[in-house]
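First up is the structure itself, then whatever we jot down about it.
We did not get these values from a lab; they are worked out from the coordinates using the rules stated. Bear in mind the structure is a predicted one, so any value in this text is a computation, not a measurement. Heads up, the Cβs are rebuilt from the backbone with ideal geometry, glycines too, and the neighbour counts pull from every protein chain shown.
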Amino acid sequence: MSPRSASVNEELRRRSRERLLRATVELVGERGFEATTLGDIAQRAGVARGLVSYYFPGKRQLLQSAVHRLMHLTLQAALEREPRPEGPDAGRELLARAIDAVLGLARDRPLLMRTHMAGILAADGFIQCPEQQRLAQLLRETVVAYGSPDPDADYPLLRALLMGAVVAMLLPGAPMPGGRLRAELFQRYGLDRESGFPPGEEPPGGSAGTRSGTGTVGQR
């Protein structure tokens, strides 16, 4: 039997890594962070326990990559939903979709997103990974499409506002309604409240649609 080519090995590694990311989102969303072990994740993913340590230095880093992947896929699905926005207001519609996609994750996956935000606010902060970079690129492209004259300044501001909204929605004991936060963000950016995914409308392939398949707001 001839040895596998480098490209085949790379594809197998990619698939194993993605299975670990999906399993992490599922288990932490079901059980919480402390009740989920790396062994549990490996078993759910159907990979050897040693592969977890090969790809990730620890459980916290694995979780951040997993949630960044979920957010990236959720945001991408929202931005690409048909009908695709066209014309002079296309960028405004894309920004509305991005806001609703992020707030939708906080609404639909509170345990997962609360755990993720707690990790970011801990000493480790943002963890640089491919998933985080893909999410950051999507958000920056959305700011550019919106018409920002200075994306390098406006993208971090949008990221901070979305993170603040997620924290406010998930604050134990004093959560703010997602609808109020949405209205404030839409007003700030001059967006029509009927844009994006108005309350009660589920985005196809968005936060609800990625529950079984798939990551916080990215950082450059």
By the mean-Cβ-within-10 Å protection proxy, highest first, 12-21, 157-166 rank as 157-166, 12-21
For the stretch 141-150, in residue order, the Karplus 3J(HN,Hα) values (coefficients 6.51, -1.76, 1.60; θ = phi - 60°; whole Hz; Gly and Pro = x) are 4, 5, 5, 5, 4, 5, x, 4, x, 9
Taking the dipole of the stretch 58-188 about the Cα centre (Lys, Arg +1; Asp, Glu -1; charges at Cβ), the one of Pro83, Thr142, Ala101 that reaches farthest to the positive side is Ala101
Going residue by residue through the stretch 83-97, the Karplus relation 6.51 cos²θ - 1.76 cosθ + 1.60 with θ = phi - 60° gives ³J(HN,Hα) values, rounded to whole Hz and with x marking Gly or Pro, of x, 5, x, 9, x, x, 9, 4, x, 5, 5, 5, 5, 4, 5
Expected vector for the stretch 65-82, Karplus 3J(HN,Hα) from phi with 6.51, -1.76, 1.60 and θ = phi - 60°, integer Hz, x for Gly and Pro, equals 5, 5, 6, 4, 5, 4, 5, 4, 5, 5, 5, 4, 4, 5, 5, 9, 4, 7
Taking N as the residue count of the stretch 49-174, its alpha carbon Rg divided by 2.2 N^0.38 Å gives 1.12
